[in-house]
C-alpha cells in the first residue's frame, strides 16, 4: 500500500491505523485474542492483565504492542532499521559501545546493589520482548555462522570493526543479534512495524505468578494457598528454595550436568543471574509466609481464596516498595513530584483514570529503563549475616549459572552482600563483564556486549534518536554539537562528535545513560522524563493500583495502612535464614544518622499485621503476628 500510494511517514503512522480492518479481509485472519472480550469487574486481576481497563481491555495486557511516545523511526517508514539523518548507515553499535562505554568503574556514593537488583526484577514484572524463533527448533536463530543469503529473515547481526580493542584479539567480526518478533495491534490495525510485550505491563508481581493461568497453576501447590518450593535444606533448619525447573530444563540456564536443575519461577529469566534468583527466592517465601498466616487467621478460607488474596497483597507490596524506595532514589524528589509519583501517607485515593494507558512505551523498554546496566558492578559480593565481607565472583561467571544458591547459607550471603556492596553510578561507564563477556560460553574468553545489544535493540524497534526525545520532553533539540556542551561531559561529547555524523543520529540509550544527572536524581532529564511518565501511567492507568478506593479490588483503610509499613528490609529479614539486622532502606548504604542498621526485631521495621484481613464475624484462634512461621 505504501509503495502503491507513495505514503509518507506521517501517513503511515497516523492515517493507516484509522482504517477499520474489521470491514476488510484482514478480519478473517485476526487472532481471537485481539478481539474485544466481555469484561466483568472482579476483586482479583486476570493473570494476562485483560480487562484492567474496561473500555480498552487490551491496555497493559499480555501480547499487546508496546506504546509509542513518538512515531516510529524506520528507514522505509515501515520496518527497516533507522539510518543516519544524512541518509547513510549509522555507525555499527559495537563501534559506539567500544568508544563510548569503557569500564571506568565509578561507584555511586549512596546506592547499594539492591537498587539495580530490584530494578531488574521490576523490569521483569513489566516487559518481555517477543523473540523470533526457528520454526523447526523453537530456538532463537544463529546468524553469524551462516552466509547472509542463508540466514533467518530476522537475523541482523552486529558488525564488529576490524580494529576492535577487544574482539580483534579473537578474530571476531560478528555478534549475534536477532530482531524481535513483530506484534499485532488491537483488531489487527495497519501501520508501521510493532513489537509486543509477552507479559503484563502493570506492576502486578507476575514475576512470582506468571502472566497466564497455565504458568500460575504450574507454580502452585493447590494446598493452603501455597506456592511450590524445594525443602532440600529443611534438615539444616533452613527455609525452602525455589522449585527445580523440570520441564525444558536447559532453557534459561547452562546446567553443569544432567542432575543439576535451574529454578522455576513466574518469569522465565529468573536464572539469568544471582541478584534475580535471590530476590525471586525471598518473594516466593514471602508469599508462602503470608499464605500460612492468612490460613491460620481465616481457617474457613479455601486454597483459592488464600492464594488469590496473598497474590493481591504481594502485588501491592511490589508497587509500594517500587514507588517508596526504588523510584525516589532513581528519579529524585523533583521528578517524582512532577509526574505525581509521591505516595500518600494516609487515606484511600481515587488515582485511577480510565483515559490513561499503562502499556509500556517502546522507548522505556528498549532504552530508558536499561539505565540500570550502567549500575551493575563487575563482581557480586557475598557477606556474612553479621555484615563481614566473605568473597566475590565475577559477574560473567554467574550469568545463567544460579546453582550455588543450592548451597546452605549461600542465599543469605548474597542477600547480606546486596545491602553492603556499593553499586556503580549511572554514567557512560559500563563494566567489561557486560560489554565483552556477556553470556560467555564454554571455553570462550569472549561473550556478547550488552551496550551494543541495547543500541541495536533500539534501532530494531524503531526508537527515534536522543534529539527527538529532547524535543518530546520539552528540551531544546541540539542543532549543533556545541548545543550539547552542558548535557554531557567534555570527554563524552568529544567521543560522540567522532562517532556520529550529526546530533540527530545519537542513539537514545547511549545518550540517556551519559546525560549529566538532574539535581537529586541518578538519571538525566530525558531518561527522567521517559521513566517518570511511564511510572505515572502505571500508577494512574492501573484500576487495581493498591491505593485506589471504591472498587471490589480495593483494600480496606486499615489494610492499606499495613501495606504502607512494608519495606524491602522487612522482607529480607523475614525471609532470609539467619540475617538479624539490616539498614532501614536496603537500597541505600547504611548510615548511622539517616539510614541506620537496626535489628530485624526492631519496631523501626514493622511487619504487616494480617489480623486486619480477618473476616468479620468469623471466630478463629487469636494469632500473634510477630511470630515467624517456620519453613
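Read the figures in this text as sums done on the coordinates, not as results from a lab. Computed from a prediction, not measured in an experiment: that's the story for all the values here. When we count neighbours, we look across all protein chains shown, and the Cβ atoms used for this are built from the backbone with ideal geometry, even at glycine.
Overall form of the chain: prolate. Here a/c, set by the Cα gyration tensor axes a ≥ b ≥ c, is 1.5 or more, and a/b is the larger of a/b and b/c. Put in order of Cβ neighbour count within 10 Å, fewest first, the listed residues 351, 365, 29 become 29, 351, 365. Comparing Cα centroids, the stretch 46-83 and the stretch 246-277 end up 29 angstrom apart.
Axis angle, to the nearest 10 degrees, between helix 303-321 and the longest C-alpha principal axis of the chain: 60 degrees.
Measuring nothing but how far apart in sequence close Cα pairs (under 8 Å, 6+ apart) lie, relative to its length, the chain scores a relative contact order of 20 percent. Using equal-weight Cα scatterers in the Debye expression, the normalised intensity of the stretch 124-277 in log10 at q = 0.12 Å⁻¹ is -0.75.
Separation of the stretch 460-495 from the stretch 313-333 is 29 Å, based on Cα centroids. The angle between the Cα long axis of helix 274-297 and the longest principal axis of the Cα atoms of the chain comes to about 40 degrees, rounded to the nearest 10.
Using the number of other C-beta atoms within 10 angstrom as an exposure proxy, rank 198, 160, 282, 513 with the fewest first. Don't skip to the end; give the middle numbers.
Values: 198 17, 160 24, 282 20, 513 28.
In increasing order of surrounding Cβ atoms, one gets 198, 282, 160, 513.
Kirkwood radius, the stretch 134-179, all distinct C-alpha pairs, inverse of mean reciprocal distance: 11.5 Å. When shorter helices are ignored and each DSSP H run of at least 4 residues is given -39500 (n - 2.57), the per-residue value for the chain at 222 nm works out to -8500 deg cm²/dmol. Taking the number of Cβ atoms within 10 Å of each Cβ as an exposure proxy, the fewest-first ranking of 235, 312 is 235, 312. Pairing the Cα long axis of helix 525-540 with the longest principal axis of the chain, what angle in degrees results, from 0 to 90 and rounded to the nearest 10? Computed tilt is about 50 degrees. Spatial offset of the stretch 18-38 relative to the stretch 106-137 amounts to 33 Å, using the alpha carbon center of each. By the equivalent-ellipsoid construction on the alpha carbon gyration tensor, the stretch 507-570 comes out with semi-axes of 33, 16, 8 Å, ordered largest to smallest.
From the Cα gyration tensor of the stretch 3-132, with a ≥ b ≥ c the square roots of its eigenvalues, which class applies: rounded if a/c is under 1.5, or else prolate if a/b is larger than b/c, or else oblate? It comes out oblate by the Cα gyration axes.
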